[in-house]
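Participant: Take this structure first; my questions come after.
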Amino acid sequence: LKRTSQFCSLGVMASGRERPPVWAPTGCLELLRQYSEHAAREVERVRRNLYGMSDDDKGELIRNPGEQVKQLEEALEANKLLLDALEEVMKKEKEIAKNSPRKSNLPVGTKPVQTLLQTLVREWSAEGLQERQTCFDKLLAALDAHLKEKLEKSKTSEEAAPAVCIPNASVGRLGFEVTSRGYQVEACEGRPLQWFGMELMRSNATAEVLKPAPFSINTCNRLKFQDNVRVTAMPDLQIKDGTLPEQRFGQFTQLYDTKDALGRFDAVMTEHSLDLSPNVFRFVRTAAHVLKPGGLWVNFGPLAYDADHDEAAGLGLELSWEELKFAIEHFFEVQEEEWIDALYAQNSQSLMQMQYTCIYFKAIRNKEPAPGIGERKQEQ
């Protein structure tokens, strides 16, 4: 690992196996189609319901039906510009994607695209600042406390900057923040829509170049008439070249189950990602495998285990914190732990919010080997 500039990533994108296989862009394009059709049906539903009211009822409206329908149509048109840009990213990837024997395990329906839109708001808009700060401030403070001295030394010597691994990196904001501090970052993401969301931001790096209305079809739980049709500009800042780390496509427990991944990193950062793994025991051992002795694992997130796992395969493990901590302490010394209430990708203007109680922990790697990890051969 060599330090090449102030902003640096580990440059792992050369191998085709680390990009999405052909089923991923194909399936995601279908999700975009389903969402667009659903949005069009919502406009018609709102139009039908508004114009179907009696004249007496229409007289009670703050804004007439025509104005309300027009604003909804304009909001969806703003959304379409972002979704068209996302579609272009998917189509380009489809052109270079390779066939894979693995079948698509994509979720279906319109919810995945709506979730992506709200995740982009959380990660890449001014509106999402407070929500992400609750999480990011704890993670980044722990990272700097553990590695800032080594990072500063690397700036004036030939030593490489500390290397950080971010599993399930979502749409990339945490990786951006870490890279912007001067650390080397390697990110991975196994959810195709989130992977494409990060690539969307890479190709739209100018501040506020995207101006969707992400909550346009959320017509329930509004305080004010225009809450759902408000525009949310993104990204909230310029994404400079090299500050958004390259990402590997795939599951953390599979990508790093190789001999050469042993002790590659100074830190692992998991943000709302630990409970996404169908086998959390293996996730813990993989984190131990990739960290150097004395390395840092810092985590923030719930134990919701609400990912779309294949229940028929019987791999889902929903551990309590007591059980999970017991597994972690085989390979780490847990130095800090704290329960923090936090939101994730919520509509800040909605009258209904889902709040998670998240576990924050800071753990230091010991020298205990991680059994059963590192035995998979590195693909060429």
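The values are calculated or read from the model by the stated rules, or taken from the named source; none is laboratory data. Quick caveat: nothing in here was measured; it's all calculated off a predicted structure. Heads up, the Cβs are rebuilt from the backbone with ideal geometry, glycines too, and the neighbour counts pull from every protein chain shown. Note: areas computed on protein heavy atoms with side chains; ligands, DNA, RNA excluded. Shrake-Rupley method; radii C 1.70, N 1.55, O 1.52, S 1.80 Å.
Participant: Residues being touching a helix residue (DSSP H, G or I) at 6+ places or on another chain (Cβ under 8 Å) and part of a helix (DSSP H, G or I): count how many of those fall in the stretch 265-286.
Facilitator: 7
Participant: Suppose we filter the stretch 178-221 for residues that are outside any helix (DSSP H, G or I), open to solvent by 10 Å² or more (accessible area, probe 1.4 Å) and polar (S, T, N, Q); how many remain?
Facilitator: 6
Participant: Is it the case, given these coordinates, that Leu117 is part of a helix (DSSP H, G or I) and in contact with a Pro (Cβ under 9 Å, 6 or more places away or on another chain)?
Facilitator: For Leu117, the condition - part of a helix (DSSP H, G or I) and in contact with a Pro (Cβ under 9 Å, 6 or more places away or on another chain) - is met.
Participant: Can you pull out every residue in the stretch 75-133 that is at pLDDT 95 or above, aliphatic (A, V, I, L, M) and under 16 Å from Leu31 (Cβ atoms)?
Facilitator: Within the stretch 75-133, Leu82, Leu83, Ala85, Leu86, Val89, Met90, Val113, Leu116, Leu117, Leu120 meet the criteria.
Participant: Another one. Which condition breaks for Gln254 when tested against (1) closer than 20 Å to Pro192 by Cα; (2) in a loop (DSSP other than H, G, I, E, B)?
Facilitator: Looking at each condition in turn, Gln254 falls short on (2).
Participant: When you look at Arg63, is it of a type outside the set (Val, Ile, Thr), free of Cβ contacts under 8 Å to residues at least 60 places away in the same chain and within 23 Å of Asn218 (Cβ to Cβ), yes or no?
Facilitator: no
Participant: Given the conditions (1) open to solvent by less than 40 Å² (accessible area, probe 1.4 Å); (2) of a type in the set (Val, Ile, Thr); (3) within 28 Å of Lys91 (Cα to Cα), which single one is not true for Val231?
Facilitator: Here Val231 clears every test but (1).
Participant: Something else: Restricting to the stretch 190-231, what's the tally of residues that are farther than 17 Å from Ser350 by Cβ and acidic (Asp, Glu)?
Facilitator: 2
Participant: Right, another one. Would you pick out the residues in the stretch 152-168 that are open to solvent by less than 10 Å² (accessible area, probe 1.4 Å) and either under 27 Å from Leu276 (Cα atoms) or touching a Gly at 6+ places or on another chain (Cβ under 6 Å) (or both)?
Facilitator: Correct list: Ala161, Pro162, Ala163, Val164, Cys165, Ile166, Pro167.
Participant: Could you tell me whether the stretch 119-138 includes any residue that is under 20 Å from Gln251 (Cα atoms) and touching a Gly at 6+ places or on another chain (Cβ under 6 Å)?
Facilitator: No, the stretch 119-138 has no match at all.
Participant: Being closer than 29 Å to Asp341 by Cβ, open to solvent by less than 20 Å² (accessible area, probe 1.4 Å), polar (S, T, N, Q) and not in a strand (DSSP E or B), is that true of even one residue in the stretch 287-301?
Facilitator: Among the residues of the stretch 287-301, not one is closer than 29 Å to Asp341 by Cβ, open to solvent by less than 20 Å² (accessible area, probe 1.4 Å), polar (S, T, N, Q) and not in a strand (DSSP E or B), which makes the answer no.
Participant: Provide a single number: the residues in the stretch 321-359 that are outside any strand (DSSP E or B) and either open to solvent by less than 50 Å² (accessible area, probe 1.4 Å) or closer than 26 Å to Thr115 by Cβ (or both).
Facilitator: Here the count works out to 15.
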